[in-house]
1. Counting only other residues whose beta carbon sits under 11 Å from that of Trp159, what net charge do I get with K and R as +1, D and E as -1?
2. Taking Cα pairs under 8 Å and at least six residues apart, what relative contact order does the stretch 199-312 come out at, in percent?
3. In square angstrom, rounded to the nearest 10, how much accessible surface does Phe343 have for a 1.4 Å probe?
4. Length gain on complete extension for the stretch Asn247 to Glu204, per 0.36 nm per residue less the alpha carbon to alpha carbon distance?
5. Give the shape of the stretch 229-310 as rounded, prolate or oblate, defined through the alpha-carbon gyration tensor: a ≥ b ≥ c are the square roots of its eigenvalues, a/c under 1.5 means rounded, and otherwise the shape is prolate if a/b is larger than b/c and oblate if not.
6. Which order do Arg268, Arg262, Arg105 take when ranked by solvent-accessible area (1.4 Å probe, heavy atoms of all protein chains), largest first?
7. When only the heavy atoms of the protein chains count and the probe is 1.4 Å, how do Ile109, Ile338 rank by accessible area, highest first?
8. Over the C-alpha atoms of the stretch 255-302, what are the Rg and the largest Cα-to-Cα span, Dmax, in Å?
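The values are calculated or read from the model by the stated rules, or taken from the named source; none is laboratory data. As the structure is a prediction and not an experimental result, all values here were calculated from the model. Neighbour counts run over all protein chains shown; Cβ positions are idealised from the backbone, glycine included. Surface accessibility is based on the protein's heavy atoms, side chains included, excluding ligands, DNA and RNA. Shrake-Rupley method; radii C 1.70, N 1.55, O 1.52, S 1.80 Å.
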Amino acid sequence: MIRRTLPCLAALALSACAGAPQKASSASFSVPAPAPAPATAQASTPLQAPPDLAAARAAFVEDTARRFGIPAADIQSVLAKASIREPIIRAMARPAEAKPWRDYRPIFIQPGRIQGGRAFIEANRAALQRAEDTYGVPKELVTAILGVETSYGGNKGSWPVLDALYTLAFAYPRSGDPARVAYEDKREAFFRDELAQLFALGKEEGLDITTLKGSYAGAMGWGQFMPSSYRQYAVDGDGDGKRDLFNNLDDVIASVANYFARKGQWQRGGPVMERAVRDAGAADFANPGNAVTLDQSVAGLQALGYRAADPAAVLHLDGGQPVTLITLDGVDGPEYWIVYSNFKAITTYNISRLYATAVYQLSQAIAGRGVDGA
């Protein structure tokens with residue numbers, strides 16, 4: 001589960017959101033992949049290596065060996081098995097979060113995923129309840145994350161994680177736009193660090209990192225955790241002394257909840273989002289990008305001409321917590337939503353607002369509750 005982001009999954013966890021394109025601390029990079037990923041190197045055409053690859057790799061080996069106490073020869077031996085994959089680079093250019101909300105929502109809020117979530121809760125109720133009691137994160141939200149990221153474990157990704165991170169660490173796609181150079185440099189640096197974190201994870205957890213499979217962005221397991229998030233937020237949910245996010249659902253469930261509690265600062269029992277209406281003549285609310293900055297109040301939004309569609313919804317704000325407004329492109333036109341700190345918590349998993357909205361609305365559908373205005 002864990003974006004200085006790139007348009008993901010959770011996201012695009014499998015398309016990109018275990019960690020949507022997002023910050024280095026994200027759990028996932030993105031959402032389910034736009035197309036199935038080839039499972040073998042023969043299924044893709046390697047790109048020509050970047051001209052500075054040898055020097056970049058040498059610097060990476062030296063830095064990773066120093067940071068994590070891994071013999072340089074061992075790192076070099078593993079990197080010799082890695083390949084730059086052209087399909088990974090292409091996939092990064094077409095994230096699901098680039099879709100408008102009206103097209104994105106049906107991918108996740110649909111009968112099969114709702115029923116699958118209810119079945120998952122019934123099969124894992126004890127572990128989900130323990131996690132909810134411990135971390136304060138509702139069982140339906142943890143379930144929705146797993147539904148969005150991997151269809152409840154049905155699609156954990158077939159890309160070699162080593163190849164995915166190696167490709168994005170040393171051949172991150174470049175647009176040629178001078179205005180995006182700094183951003184693209186930052187993204188490549190993010191993936192280069194995640195590749196180093198993968199080596200550290202293998203050392204700490206006793207994993208053969210050459211055999212791990214995941215998303216094209218390098219996210220792994222049921223919850224699509226990036227290596228850094230696996231190291232920082234994975235927990236041993238059943239007390240067996242291991243943190244297994246590939247096969248142990250006690251660990252998976254507890255780790256997703258722990259991520260939200262620690263990274264997202266989830267507020268137990270707090271609201272997530274409420275539908276708003278816009279008064280005639282109200283000016284557009286400028287809130288571009290994906291990052292959620294809670295710098296408004298309900299009263300302030302009302303003064304700007306945006307108020308909760310359900311007047312009783314303002315009761316959530318008795319404590320005066322900060323909010324903001326997001327606008328989504330719905331089937332019937334713009335949708336306005338007041339969002340709270342728990343909405344922002346979901347974006348720490350995948351910074352996409354579409355992802356966070358889909359996760360929350362799926363969680364409510366799984367729980368049999370409607371979302372006002374959805």
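1. Within the 11 Å Cβ shell, the charges total +2.
2. Reported as a whole number, the value is 17 percent.
3. Per-residue accessible area (Phe343): approximately 0 Å².
4. 13.7 nm
5. Judged from the Cα gyration tensor, the stretch 229-310 comes out prolate (a/c at least 1.5, a/b above b/c).
6. Values: Arg268 150, Arg262 120, Arg105 70 Å².
In descending accessible area the options line up as Arg268, Arg262, Arg105.
7. Details: Ile109 30, Ile338 5 Å².
Output order, biggest surface exposure first: Ile109, Ile338.
8. Reported Rg and Dmax, both Å: 14.8, 46.
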